[in-house]
Amino acid sequence: MAPLPRACYNSGMPSLPSRTAIHEAGHALVAVILDETVESATVLREGDHAGRVYHSVPRGPDGPLTDATITVAGQLAEEFVCYYTRRASRRSDDACLAAISESHGRQVVEEARRMAGEMLREHWAAVLAVARELDRVGTLGHDGVIEAMERAGWANPRASLLDPWRWPDEDALPPLGQ
């Protein structure tokens, strides 16, 4: 497991990515882990407070929880490095969370915050890798987010299922029923 982000995680940390990149990387990483497609993650060049992540719309009974978890991840990522969340960046996230809380209950948002925190802690190196890549190139699509995460050591659990070259040798498997 990656080291846990702690209070003022940025102290003594060289070349910390921009606050916006960390915020957007939090959204993007959690979206990927929750199996949503990241259409784009963007950090605008006009300052340290403009970015956006577009992802697929979560569907099904867990849709509101998934959406809330992705939404709260940006604020949590900022908090992990003692970037106290700016009012401007919170407006759109807070509006989304308020709508989810009103329609599905406050407990959904509280569970989303817990889940997002666990994901960010476990994959903190990947958050930083995505944030650095966002600062470098400005915009990443789904594959770019995954590539940055993998460079940081994140193992895509779906890759082994989708890549036949990674499937186990049939002779190495025990016979069915044993």
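The values are calculated or read from the model by the stated rules, or taken from the named source; none is laboratory data. Since this is a predicted model, take the numbers as computed values, not measurements. So basically every Cβ, Gly included, is an ideal-geometry build from the backbone, and we count neighbours across all protein chains shown.
Residue under question is Val127, and the condition is that it be in contact with a Phe, Trp or Tyr (Cβ under 9 Å, 6 or more places away or on another chain) and modelled with pLDDT of 85 or more; does it hold?
Criteria met by Val127.
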*Take the residues of the stretch 133-156 that are touching a residue at least 60 places away in the same chain (Cβ under 8 Å) and β-branched (Val, Ile, Thr): which is surrounded by the most Cβ atoms within 10 Å (Cβ to Cβ)?*
Val145
*When you scan the stretch 36-65, how many residues do you find that are of a type outside the set (A, V, I, L, M) and touching a residue at least 40 places away in the same chain (Cβ under 8 Å)?*
8
*Has the stretch 102-120 got any residue that is modelled with pLDDT of 65 or more, among the hydrophobic types (A, V, I, L, M, F, W, C) and on the phi > 0 side of the Ramachandran plot?*
no
